[in-house]
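The values are calculated or read from the model by the stated rules, or taken from the named source; none is laboratory data. What you see is a predicted model, and the numbers here were worked out from it, not measured in a lab. Please note: Cβ atoms are built from the backbone with ideal geometry, for glycine as well, and neighbour counts cover all protein chains shown. Note: accessible area is taken over every heavy atom of the protein model, side chains too, but ligands, DNA and RNA are not part of it. Shrake-Rupley method; radii C 1.70, N 1.55, O 1.52, S 1.80 Å.
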Amino acid sequence: MATLGERIRNLRKQRGLTLQALAGDQLTKGMLSLIENNKANPSMESLAYIAERLEVDRNELLADIPTHELRDLLKEIEQLYTQEMISDELIIKYKKIAGKIKPYIDKLPFRYESARLLEIYSRCSYHTKQNDWQIPLAQAEEIYESLHMVNQSADLYIFRALMAFTEHRYKEALTIIQESRSTFEERTGMLDPLKKLDFDYYESILYSAVGDGENSKRLMEEAITYSKEQQLFYRIDALYRLAGFQAILNGDIVNKDFYISKLRLFADFTDDEEINAVADALEIHYLNSFAHDYEKAMALVEKNLEKHPEDSIFLFALEKGKALYGLEQFEDALIWLNKHKLWEFLHHPYDLSVHYEKDAYLALVYAELGQNELALKHATIAKELIQPMPDSPHKTLILKVYEQMTA
């Protein structure tokens, strides 16, 4: 970090001033040289004089981090933080971001840029399981509150709820999000439209996580209606995805088709192939697990794997394995089921229950191949994983497979 003297000298040179020119008629050239070389400390009066001649705020000279340096750092961090990356690289990205911010943590001034850096540092440290994320989060919250930045403060409350969610404390997470929402509605009278959609979305997710599909569906539909009324597209793809999956669970084929078609329209509107892939993933899951139309499921899987051979493995390896099992191609099914990996950022019971099916299908495949010990092993793994999850068709299947392997 630059010292006070170094900051003065750097700014003087940036402005093309000599020592004499900066010293003017209130300082001597010699005294200014001593200040720049950190051999003398200016009085507050002299510091104000130097700052005025350099055309900067006196606080910028006093700050351990100059304003321009702080803004440049935040710009770099925001670009890195919002950069799209495949799931396997997220932890690497978060560690890199935390490493870039950490040297500044103890020297950040009390201003917005600092709060945002502290917030991002805290989030990245939490996701990479570092122990030093709590104090920066509290500091960010204090700055946002002091600056009356309501939306940013609300984001931190939502983050606290999501921390409980990622630790599978679903009821606690729902309580936190509801209490936070109430706090900010009382404070502001009416939530900012985007923040209202944030609260609707996360509360809906958490209702479904505790097994309250009725309230989850109600909030989803309210949020979608509100988005249309406000002509906002914020979180609309996530809401359609959640609504589509809820419709699949409810056996509501009409709404399943409706929301998947809405996802496809939104994908075309935004020219986002990833949203189309998500729509396909929903349809494939329905075809495999509910309609048992394995040929149609396989055709959709192959289309996506051909388009995005690397990026699509996460979405489609499990479903391809299930389709191959349904088509009685057991050896190939084994290969694809073993390619599936559970992404560590998945925490919703819906997502987990779908992915826990992997071991149930491995059990079924091993049973068909006559490897009964492996079949029982994987059926047991699936049963132990699914046990804490709320009731769902996926849980029913897994428990049925376990009963079959232990009969």
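Given the criterion crowded, with 19+ Cβ neighbours inside 10 Å, modelled with pLDDT of 95 or more and closer than 24 Å to K75 by Cβ, identify the matching residue among Y144, Y121. Don't jump to the end; show me each part of the working.
Working: Y144 fails: modelled with pLDDT of 95 or more.
Only one candidate passes the filter, namely Y121.
Could you tell me whether any residue of the range 201-212 is among the charged types (D, E, K, R) and at pLDDT 95 or above? It would help to see each step written out before you state the result.
In the first step, residues of the range 201-212 are kept if they are among the charged types (D, E, K, R); the result is 203, 212.
Then drop every residue that is not at pLDDT 95 or above, which leaves 203.
Yes.
Could you tell me which numbered condition A297 fails, if it satisfies all but one of (1) touching a His at 6+ places or on another chain (Cβ under 8 Å); (2) open to solvent by less than 30 Å² (accessible area, probe 1.4 Å)?
Unmet condition: (1).
Looking only at the range 242-261, how many residues end up being crowded, with 19+ Cβ neighbours inside 10 Å and touching a residue at least 60 places away in the same chain (Cβ under 8 Å)? Break it down into steps so the answer makes sense when it comes.
Keep residues of the range 242-261 that are crowded, with 19+ Cβ neighbours inside 10 Å, which gives 242-248, 256, 259-260.
Filter again for touching a residue at least 60 places away in the same chain (Cβ under 8 Å), leaving 245.
Count: 1.
Out of all the residues in the range 67-82, is one or more outside any helix (DSSP H, G or I), of a type outside the set (K, R) and within 26 Å of K196 (Cα to Cα)? Before you say what the answer is, go through the steps one by one.
Just the residues of the range 67-82 that are outside any helix (DSSP H, G or I), to begin with: 82.
So of that shortlist, the ones also of a type outside the set (K, R) come out as 82.
Filter once more, keeping what is within 26 Å of K196 (Cα to Cα): 82.
Yes, that holds for at least one residue.
Name the one entry in I284, I253 that is at pLDDT 90 or above, more than 17 Å from A238 (Cβ to Cβ) and over 28 Å from the mean Cα position of the chain (by Cα).
Values: I284 fails: over 28 Å from the mean Cα position of the chain (by Cα).
Answer to the check: I253.
Consider D132 carefully, then state whether it is more than 20 Å from L194 (Cα to Cα), surrounded by fewer than 22 Cβ atoms within 10 Å (Cβ to Cβ) and of a type in the set (D, E, K, R).
yes
In the range 16-57, which residues are of a type in the set (A, V, I, L, M) and part of a loop (DSSP other than H, G, I, E, B)?
Just the residues of the range 16-57 that are of a type in the set (A, V, I, L, M), to begin with: 17, 19, 21-23, 27, 31-32, 34-35, 40, 44, 47-48, 50-51, 54, 56.
Residues satisfying the conditions are L17, L27, A40, V56.
Looking at D391, is it in contact (Cβ under 8 Å) with a residue 12 or more places away in the chain and closer than 26 Å to G251 by Cβ?
Numbers: in contact (Cβ under 8 Å) with a residue 12 or more places away in the chain: yes; closer than 26 Å to G251 by Cβ: yes.
When the stated conditions are applied, D391 passes them.
With respect to Q152, is the statement that it is open to solvent by 30 Å² or more (accessible area, probe 1.4 Å), among the polar types (S, T, N, Q) and within 16 Å of the chain's Cα centre (by Cα) true? First the steps, then the outcome.
Numbers: open to solvent by 30 Å² or more (accessible area, probe 1.4 Å): yes; among the polar types (S, T, N, Q): yes; within 16 Å of the chain's Cα centre (by Cα): yes.
So Q152 fits the description; yes.
State all residues of the range 155-184 that are among the polar types (S, T, N, Q) and either touching a residue at least 40 places away in the same chain (Cβ under 8 Å) or buried (at least 19 other Cβ atoms within 10 Å of the Cβ) (or both); if no residue qualifies, say none.
At the first step, the residues of the range 155-184 found to be among the polar types (S, T, N, Q) are 166, 175, 178, 180, 182-183.
Matches in the range 155-184: T166, S180.
Looking at E273, E302, E306, which is the one that is open to solvent by 10 Å² or more (accessible area, probe 1.4 Å) and either within 20 Å of Y240 (Cα to Cα) or touching a strand residue (DSSP E or B) at 6+ places or on another chain (Cβ under 8 Å) (or both)?
Details: E302 fails: either within 20 Å of Y240 (Cα to Cα) or touching a strand residue (DSSP E or B) at 6+ places or on another chain (Cβ under 8 Å) (or both); E306 fails: either within 20 Å of Y240 (Cα to Cα) or touching a strand residue (DSSP E or B) at 6+ places or on another chain (Cβ under 8 Å) (or both).
Selected residue: E273, the only one of E273, E302, E306 that is open to solvent by 10 Å² or more (accessible area, probe 1.4 Å) and either within 20 Å of Y240 (Cα to Cα) or touching a strand residue (DSSP E or B) at 6+ places or on another chain (Cβ under 8 Å) (or both).
When the residues of the range 98-118 are narrowed to those that are of a type in the set (F, W, Y) and under 30 Å from R187 (Cα atoms), which ends up least open to solvent (accessible area, probe 1.4 Å)? Steps first, answer last, please.
At the first step, the residues of the range 98-118 found to be of a type in the set (F, W, Y) are 104, 110, 112.
Next cut, under 30 Å from R187 (Cα atoms) only: 110, 112.
Details: F110: 116, Y112: 79 Å².
Taking the candidates together, the pick is Y112.
When you go through E89, E84, E55, E76 one by one, which is the residue that is open to solvent by 60 Å² or more (accessible area, probe 1.4 Å) and at positive phi?
E55
Do the conditions hold for H340, that is, is it buried (at least 18 other Cβ atoms within 10 Å of the Cβ), touching a Gly at 6+ places or on another chain (Cβ under 7 Å) and at pLDDT 90 or above? Steps first, please.
Numbers: buried (at least 18 other Cβ atoms within 10 Å of the Cβ): yes; touching a Gly at 6+ places or on another chain (Cβ under 7 Å): yes; at pLDDT 90 or above: yes.
In short, yes.
Only one of these conditions is not met by A379: (1) over 25 Å from N250 (Cβ atoms); (2) more than 31 Å from the chain's Cα centre (by Cα); (3) open to solvent by 30 Å² or more (accessible area, probe 1.4 Å). Which number is it?
(3)
Using beta carbons and a limit of 6 Å, which pairs, at least six apart or on different chains, have the first residue in the range 1-21 and in contact (Cβ under 8 Å) with a residue 40 or more places away in the chain and the second one among the aromatic types (F, W, Y) and surrounded by 13 or more Cβ atoms within 10 Å (Cβ to Cβ)?
none
If A333 satisfies every condition in (1) in a loop (DSSP other than H, G, I, E, B); (2) crowded, with 20+ Cβ neighbours inside 10 Å but one, which is the exception?
With respect to (1) in a loop (DSSP other than H, G, I, E, B); (2) crowded, with 20+ Cβ neighbours inside 10 Å, A333 is out only on (1).
How many of the residues in the range 161-199 are more than 23 Å from S392 (Cβ to Cβ) and not aromatic (F, W, Y)? Walk me through it before giving the result.
Filtering the range 161-199 down to residues more than 23 Å from S392 (Cβ to Cβ) leaves 163, 176, 178-199.
Still in the running and not aromatic (F, W, Y): 163, 176, 178-183, 185-198.
Matching residues across the range 161-199 total 22.
Across the range 189-241, which residue is surrounded by the fewest Cβ atoms within 10 Å (Cβ to Cβ) among those that are touching a residue at least 60 places away in the same chain (Cβ under 8 Å) and small (G, A, S)? I'd like the intermediate steps shown before the answer.
The initial filter retains those residues of the range 189-241 that are touching a residue at least 60 places away in the same chain (Cβ under 8 Å), namely 205, 208-211.
Those left that are additionally small (G, A, S): 208-209, 211.
Details: S208: 25, A209: 24, G211: 14.
Restricting to residues being touching a residue at least 60 places away in the same chain (Cβ under 8 Å) and small (G, A, S), the top hit is G211.
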